[in-house]
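One structure, as C-alpha cells, below. Some questions next.
The values are calculated or read from the model by the stated rules, or taken from the named source; none is laboratory data. Computed from a predicted structure; not experimentally measured. Positions of Cβ are generated from backbone atoms using ideal geometry, with glycine treated the same way; all protein chains shown enter the neighbour counts.
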Amino acid sequence: MTQLLHNRRALVGLGILAGFALIALVGPLLVGDPTAMVARPLSPPSWEHWLGTTGQGQDVLAQTIAGARTTLLIGFTVGFAQVAIGTLVGTTAGYAGGLLDDALGLAINVFLIMPGLPLMVIVAAYMPTGSFTIALVLIATGWAWSARVIRAQAMSLRDRDFVLAARLAGEHPLRIVTHELVPNMTSLLASAFIGATIYAIGAEVALEFLGLGDVSAVTWGTNLYWASNDSALLIGAWWTFVPTGACVALLGSALALLNSAIDQVGNPRLRTEHAFEDELRRAGQRPGLSTPVLRREVP
C-alpha cells in the first residue's frame, strides 16, 4: 500500500476517483431536483445554467451530478460482486482440481464464449427495468472473466511449498484457500476489481443509452438516452451529452491509471523497467533510443 501511494499514476487515479466519490455523495444534496424544469428547453450554457438545459428544460449540471451517484453505485457494486463470485469459483476450481475443476471450468468457458453485449440486451429487455435489474444482468454475464484468471493463479499456487506445508499440517481446505491462496492474490484481485468496475460502468451506460433501463431515473446512461432521443447531435446541442461523456471517459481513465499502478507495484519486472526509464530520463537520454555515436567529419 505504501508503494502504491508513492506511485504517480495511482495518486492521479485516486485523486480523480475521490473527486467523483465526493460529487456522488454530496453533489445531489446541493443541486436540488435534477428533474425540475428550470428554463427553456435546449438552452445553451449561460451564467444561470452553466451547462445549459436538456430537451425537457432540466439543468444539465444538476443531472450530471445527480447521475454520478447511481452510476458509481452500480459500477462498484457490480465490480465487487463479479470479483467475489469469480474468486469463489476460481479458487475452488483451481485448488480442488479433478472433476470439480472440470465442471467449474466448463461453466466458466460457457459464459466466456457467450456474446456479452447481445446477451445483456436480450436479458435486460425481458426483465423489469431498473438499476437493480441492470446490476443483476451485468453480474450474471461478467463474473467468468475474473474467474478464469483467478483459477489459473490458484492452480499455480496450489503446489507451492507453503500450501503443501499447510496440507501436511492438517489445515482445512477452506482455511488454506482463505489464509494461503487469497492473500497471495491481493494484487490480482484488486486489478480484477478495477477492470470489472470499468466494464460495469461502460456496460451500464450502454444499456441505459439503448433504453433498456429506467428512463425516468437520472443516471449518466439515461442522460445520453434523452440527448439521443432529442436529436441533440443533429441540432448541435452538444452541451446535453458532452459533460456526461466526459465524466465517463475521465472516470474510466482514472480507474485505468489505478489499475496500471497496481500492476506496476505488484509486478517486479514492471517496477524494474520503470526505474530504468527514470534513470535514463535523469541522465538526459530518452528510453528506447541507443546511445548516440559521435562521428568525425572527414576533411
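When both residues are 6+ apart or on different chains and their Cβ atoms are under 6 Å apart, which pairs have a first residue that lies in the range 81-106 and is under 16 Å from Ser146 (Cα atoms), and a second that is hydroxyl-bearing (Ser, Thr, Tyr)?
Gln82/Ser146; Val83/Ser146; Gly86/Ser146
Here is a follow-up. Give the residues of the range 111-132 that are free of Cβ contacts under 8 Å to residues at least 24 places away in the same chain, part of a helix (DSSP H, G or I) and either more than 24 Å from Ile194 (Cβ to Cβ) or in contact with a Lys or Arg (Cβ under 8 Å, 6 or more places away or on another chain) (or both), sorted by residue number.
Here is the first cut: in the range 111-132, the residues free of Cβ contacts under 8 Å to residues at least 24 places away in the same chain are 113, 115, 118-119, 122-123, 126-128, 132.
Okay, now just the ones that are also part of a helix (DSSP H, G or I), so 113, 118-119, 122-123, 132.
Hits for the range 111-132 are Ile113, Pro118, Ile122, Val123.
Show me the helices (runs of 4 or more DSSP H) found entirely inside the range 164-243 where at least 1 residues are touching a Ser or Thr at 6+ places or on another chain (Cβ under 9 Å) and among the aromatic types (Phe, Trp, Tyr).
Working: elements: 173-176, 186-209, 220-229, 232-235.
The qualifying helices (runs of 4 or more DSSP H) are 186-209, 220-229.
Which one of these does Gly52 not meet: (1) in contact with a helix residue (DSSP H, G or I) (Cβ under 6 Å, 6 or more places away or on another chain); (2) at negative phi?
The one condition Gly52 does not meet is (2).
Something else: Checking Val83 against (1) surrounded by fewer than 21 Cβ atoms within 10 Å (Cβ to Cβ); (2) among the hydrophobic types (A, V, I, L, M, F, W, C); (3) at pLDDT 90 or above: exactly one of these is not met. Which one?
(1)
Have a look at Gly13, Gly19 and point out the one that is among the small types (Gly, Ala, Ser), farther than 29 Å from Ala237 by Cβ and assigned to a helix (DSSP H, G or I).
Of Gly13, Gly19, the one residue that is among the small types (Gly, Ala, Ser), farther than 29 Å from Ala237 by Cβ and assigned to a helix (DSSP H, G or I) is Gly13.
For the range 47-64, what are the residues that are under 14 Å from Trp238 (Cα atoms) and either touching a Lys or Arg at 6+ places or on another chain (Cβ under 8 Å) or in a loop (DSSP other than H, G, I, E, B) (or both)?
Trp50, Leu51, Gly52, Thr53, Thr54, Gly55
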